[in-house]
Amino acid sequence: MSTPVAANVITQVRERVKAIETMPSIPQVFLPLLDMLNLPPDLVSLNEVVKLVSYDNTIAAQCLRVASSPLFGLAKSPDTIKAAVISLGLRRVQTILLTCCMGKAFPAKDWPLDPIVFWRHSLGCAMVCRQFSEKMGGGDREKAYMAGLMHDIGFMVNCMVFPKEFGAAVKYALERQIPLDVAELATMGFTHCESGRALAELWNLSDDMIHVIAHHHNPERSGTAQPLVALVHLSDLLCRMRALGYGYYERQKVDLVEDPAWAILLREHRKLDGVDLVRFSFELDEAVEGISHLVSTIMAGGNP
Amino acid sequence: MNAGAQPAKSSPALSAGSEPVDPVYRQIRDLVYKVSGIYKTEEKLYLLAAGCGRRMKQLSAKTSREYWDHLTAHPSRDGEMRQLLNEITIGETCLFRSQPQLDALRKVILPEIVADKTKQVTRRLRIWSAGCSTGEEPYTLAMNMMEESAGTLRNWTVEILATDLNDHSVETAKAGIYGDYALRSTPDYFKRKYFVPVEDKKLQVRPEVKKLINFSRLNLQDDSRMLFMKGMDVIFCCNVLIYFDGSSKSKVINHFYSNLNFSGYFFLGTSESLLNLNDKFHLVHFPGAIAYWKPSLKSGKL
């Protein structure tokens, strides 16, 4: 386990993140959507979600296309947002909207990290989180999806706020074939967990989501949201071992069952023990192509 | 991976735009996995369908549903499953079959073994290719170890044991002559460095590569001989376990477990799983590759 980052460094990162004026061109529906995601599902009405999704035509069109991706479960694209909500459910449509907004919130320009690779990893992790929680038969699947999708937003913050320093960290990781967070800590003194946390706080994300973003490399440090953080940690590792990592070879051996996160998750979900991890990995390989398609859809903007 | 909203069986194929797959083949895929641990991913389902097609022709079965009955309801279902497994694993052998396995071996496992054994007097690495067929795997391993001889494996002795049940395969393996098909994944660099051209546009493995390998005939069910195969650091046993039924399969796997040194690794074929036939091995992931690890003495996780 790595040493925690000093409090004064965290404060500095927070100040830098706050100070940037050109915070990503966030779609107008994004922040209201985040607020809505914080509400208990029974307080959210169908009409409100439909209104939110329909607010921006290009985003609405994109949501409909994403909904028809095999990874979201509809065989053909729904005709209207309302039809999508009825077939997929409110929560899933909210996460689809979040997926589309996230792609737009961070215009990828001169990133030290290939944005396609970044999105493949984030979406892959979101899928794996959802699939894991489905196999375990408990918990909120869409929340798991959202946690997987957002866990690495700190990398995007680093790309925009600390491009030079982060560029050096990426180079350091590639040369040594080591995990990115290890390289960040070695070269920058903090990681995407701290910068992601700063943005998550700025955006008023829920406490659980802040924990995921801040502690997904060390789930045992999370207090209240440990099982969710542990789920993201394991899914992140599995993605990096199955062609949905950061596009370079990480010289490491991963023993998921021996990872402390496994024990944390097992305490909440006894069914985790019965998950066939080999088959799960093979199934993940099958999803890679679908995830790549989805990334192209999201990055293509609103045009079909 | 199936989408969450619908039951697995009716979820659409991920390869959007391609011909929809007959759902019976997904059922057969799941059955094959349950019986053998071999998993045909969505993009390889056509291979499974082709294998089924050949068997259906033999049996004069007209529909996939009828063939499903042959696999599940007929008195000869076990034999039929074996025939199908033969069909779907045939021709999978070639040199450099799995680059991710080779990367795991060279980039992660070798440095780990070398670090573990630095204090030992004899610096010897032993790898066993169990069920080596016509030699593609042991030669691939030998060439890759030779690439490490100036680096990680400097001053180390490498021994590769290659065994197969079939005498004819072992003889073919010893000759080490391969055509284009077997060499389709072999990088040119290796072809130039470790092969010499022979007749019929084929290539033969150079003697210095052969020197690293000890070929012999071995029946993995021969308990007395299995007891002597000790001290292995890494064992490869790809698409071989399908030939054993439940109880003899777990016996062979237990042998492999004892044949390995502590901290040793066991590799199966790239789409193969040990299922739950052994609970002492730890499942470990490397980028793009899965292996089974025999815990070290000091890890206290035996």
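The values are calculated or read from the model by the stated rules, or taken from the named source; none is laboratory data. Here the structure is a predicted model, which means the values were calculated and not measured. Because the Cβ atoms are built from the backbone with ideal geometry, glycine has one as well, and the counts that use them run over all protein chains shown. Accessible surface is based on the protein model in full, side chains and every heavy atom, while ligands, DNA and RNA are left aside. Shrake-Rupley method; radii C 1.70, N 1.55, O 1.52, S 1.80 Å.
Quick look at the values:
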read-out	value
Failed item, numbered, when B:F190 is tested on (1) closer than 17 Å to B:L95 by Cα; (2) without any contact (Cβ under 8 Å) to a residue 40 or more places away in the chain; (3) more than 20 Å from the chain's Cα centre (by Cα)	(2)
Meets criteria (in the same structural domain as A:K271 (by TED's automatic domain parsing), hydroxyl-bearing (S, T, Y) and either farther than 29 Å from A:E283 by Cα or surrounded by fewer than 19 Cβ atoms within 10 Å (Cβ to Cβ) (or both)) for A:Y172	yes
Residue count, the stretch B:183-221 (criterion: closer than 16 Å to B:A142 by Cβ and at pLDDT below 95)	0
Subset of the stretch B:167-187 (residues that are free of Cβ contacts under 8 Å to residues at least 40 places away in the same chain and assigned to a loop (DSSP other than H, G, I, E, B))	B:G179, B:D180
Hits in the stretch B:152-187 (condition: within 30 Å of B:P111 (Cβ to Cβ) and open to solvent by 90 Å² or more (accessible area, probe 1.4 Å))	B:R154, B:N155, B:R184
Flag if A:L205 is touching a Leu at 6+ places or on another chain (Cβ under 7 Å) and modelled with pLDDT under 95	yes
Among (1) open to solvent by 50 Å² or more (accessible area, probe 1.4 Å); (2) under 24 Å from A:Q28 (Cβ atoms); (3) outside any helix (DSSP H, G or I), the one test that A:P78 misses	(1)
Members of the stretch B:208-228 that are under 24 Å from B:R184 (Cβ atoms) and not charged (D, E, K, R)	B:V209, B:L212, B:I213, B:F215
Where a residue in the stretch B:16-42 is more than 10 Å from every other protein chain (Cβ to nearest Cβ) and its partner, wherever it lies, is open to solvent by 40 Å² or more (accessible area, probe 1.4 Å) and at pLDDT 90 or above, with Cβ under 8 Å and at least six apart	B:V24/B:R65; B:V24/B:W68; B:Q27/B:W68; B:I28/B:W68; B:L31/B:T72
Filtered residue count, the stretch B:259-289, keeping only those that are among the aliphatic types (A, V, I, L, M), within 7 Å of another protein chain (Cβ to nearest Cβ) and open to solvent by less than 20 Å² (accessible area, probe 1.4 Å)	1
The stretch A:85-112 - residue that is more than 14 Å from chain B (Cβ to nearest Cβ) and either without any contact (Cβ under 8 Å) to a residue 40 or more places away in the chain or of a type in the set (G, A, S) (or both) and, of those, least open to solvent (accessible area, probe 1.4 Å)	A:A105
Failed criterion for A:R16 (all others in (1) open to solvent by 30 Å² or more (accessible area, probe 1.4 Å); (2) touching a residue at least 60 places away in the same chain (Cβ under 8 Å); (3) not in a helix (DSSP H, G or I) hold)	(3)
Of all residues in the stretch B:59-73 being of a type in the set (S, T, N, Q) and closer than 13 Å to B:Q27 by Cα, the one that is surrounded by the fewest Cβ atoms within 10 Å (Cβ to Cβ)	B:T72
